[in-house]
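Below: one structure, written as structure tokens.
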Amino acid sequence: MAMALGWFVCACRYLAWRNPTAVWMDAYRFWVRVFALTFFMALASSIPLLLELGILWPSLLERVGNVVGPLIAFGITTLFVIKSVFLGVMFFGQRRVSDRAHVLSVCMVALGLTATIFWGLVLVSWTHTPIGASLVDGRYLVNDWWELIFNPSLFWLVVQFVAASFLMLGCLLLCISAWQATRRPLQNYEKLIYQIGFILAFFAAGIQLFGLDGHLRALARTQPVTAAAVMGIWETGAHPAFIWIGWPEASDGQEPGLIATDMGAKRWMGQQSDGNWVGLDQAEQDLPSVKTLFWLARIGAYLLIWIAGLSIVAGWTVIRRGPDPAKYPPRLLQAQVWLGGLSTIVWLCLWNLNEIERLPFMVWNTIRQEDVITSASASVLATGLLGSVFIYGALLFGWIRMVVHAARYGVVPVRKPGVRP
């Protein structure tokens, strides 16, 4: 969300500079505060990940340190460059620098945050397709950085990540605008935000479905048995059915309540040389939870379709009733308020689908999770987990409260003593 918000406030600030009207500047002043909260939440959430690499998987870094170290260093460098050089100007220097310099600072923050995220996506995608490096004496040595960075899994992971980021942004814009419309008349910039929200949500949901389709097709080529787990196909055969609703047990694939059709499943499944489509009975090694993969893919896809449909209804309502959400049906606004949470569920489903596919490996087909996991006791791990849940639950609760407060009362600019208006 921080990445998409960064580019959104960048667009608002640029439009306010090129077209100095109150609408875009008001939008920037409100949403830059939300971005500030989200940026520091994102920064805080990245710190435990660095700790977990050393605490939960200590021997993993010994094996992949030549790959992980430079990529993490690149990400941290870009993050702290924008934090040290441009972030202060963006948040506190608008009245102290020219408009051109301030716009440049906002754009550099968005660009730097995107670059930081890119290096993280490179690392995650490489663990799925570990090319460009060779495993020598139990350790990876980099052969070709270009091949490693632009590995086959990167494109679809970037598409899904960027689409999910803007989906969460669009749903957040729509959620807050709809919530405000149920409580008070909207200002002009808030009406504009509502329209931007449903447009972003619609296109981001479509791109996310496109990215999910491409990811599953790539999975069918590289990991056909895992693709069969996502499809819920137990037996190899010539006519696999796509399961819409219900869980197919291995003993009985057609139990009551199962809704399936003969069309669609072949697109996301691997095929043998004899023409049969690969099922779970071809597994030669341990698999992740089949039921988890099955339901994560469906819940994420169905919620994306629901969000896209609700965005279409919002667009049709704008055409029919005008740009003021106060004139829209209350049930429509109430449904849109929940989109902020639904988009988060979509993100969690599809990201965890991507991560769980790799199990039981940490690096696909070479380093198993059980070989590098820590030997700490369950009580120690449980204490750390509960502590993390408590801390970040409190941070998330604070973020929600502050965003709700800003949405309820708006942003009141305060002039500091000694600073000219």
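What follows draws every value from the coordinates through simple rules; no lab data is involved. What you are looking at is a predicted structure, and each value in this text was computed from that prediction instead of being measured. Here the Cβ is made from the backbone with ideal geometry for all residues, glycine too, and neighbour counts use every protein chain on show.
Points worth noting:
- Cα centroid separation - the stretch 350-381 against the stretch 174-230, whole Å: 29 Å
- Volume per residue that the Cα convex hull of the stretch 57-113 spans, once the total is divided by residue count, Å³: 77 Å³
- Over 15 Å [Cα-Cα, the stretch 95-183], rounded percent: 73 percent
- Both radii come from the Cα set of the stretch 339-389: Rg as radius of gyration, Rh as Kirkwood radius; their ratio Rg/Rh reads 1.11.
- Net length gained if the chain between Asn143 and Phe390 were fully extended (0.36 nm per residue, minus Cα distance): 84.7 nm
- Per residue, the convex hull spanned by the alpha carbons of the stretch 177-255 comes to 134 Å³.
- Contact order normalised by residue count of the stretch 1-87, Cα under 8 Å, 6+ apart, percent: 21 percent
- Percentage relative contact order, the stretch 263-421, counting C-alpha pairs under 8 Å, at least six apart: 21 percent
- Helical contribution to [θ] at 222 nm, DSSP H n ≥ 4, -39,500 (n - 2.57), averaged over the chain, rounded to 500: -23500 deg cm²/dmol
- With contacts taken as Cα pairs under 8 Å at a separation of at least 6 residues, the chain carries a relative contact order of 17 percent.
- For the stretch 283-340: Kirkwood Rh in Å [reciprocal of mean 1/r, alpha carbons]: 14.0 Å
- Compactness relative to 2.2 N^0.38 Å, alpha carbon Rg of the chain: 1.09
- Each 5 Å bin from zero holds the following percent of Cα-Cα pairs in the stretch 192-233: 6, 22, 17, 14, 11, 10, 8, 7, 4, 0.
- Peptide packing for 81-93, 104-116 was compared via the average number of neighbouring C-beta atoms within 10 Å per residue; ordered from the highest value, the list is 104-116, 81-93.
- The tail of the calculated P(r) for the stretch 272-421 beyond 20 Å holds 74 percent of all Cα-Cα pairs.
- Against the chain, whose longest principal axis comes from its Cα atoms, helix 22-55 is set at around 40 degrees.
- Only alpha carbons enter this Debye calculation for the stretch 5-104, each as an equal point scatterer, and the log10 of I(q)/I(0) it gives at q = 0.10 Å⁻¹ is -0.41.
- Peptide ranges 373-383, 143-153, 24-34, 340-350 listed from the most packed, as the mean C-beta count within 10 angstrom indicates: 24-34, 340-350, 143-153, 373-383
- Added length on full extension, which subtracts the Cα-Cα distance from 0.36 nm per residue, Arg33 to Arg183: 51.9 nm
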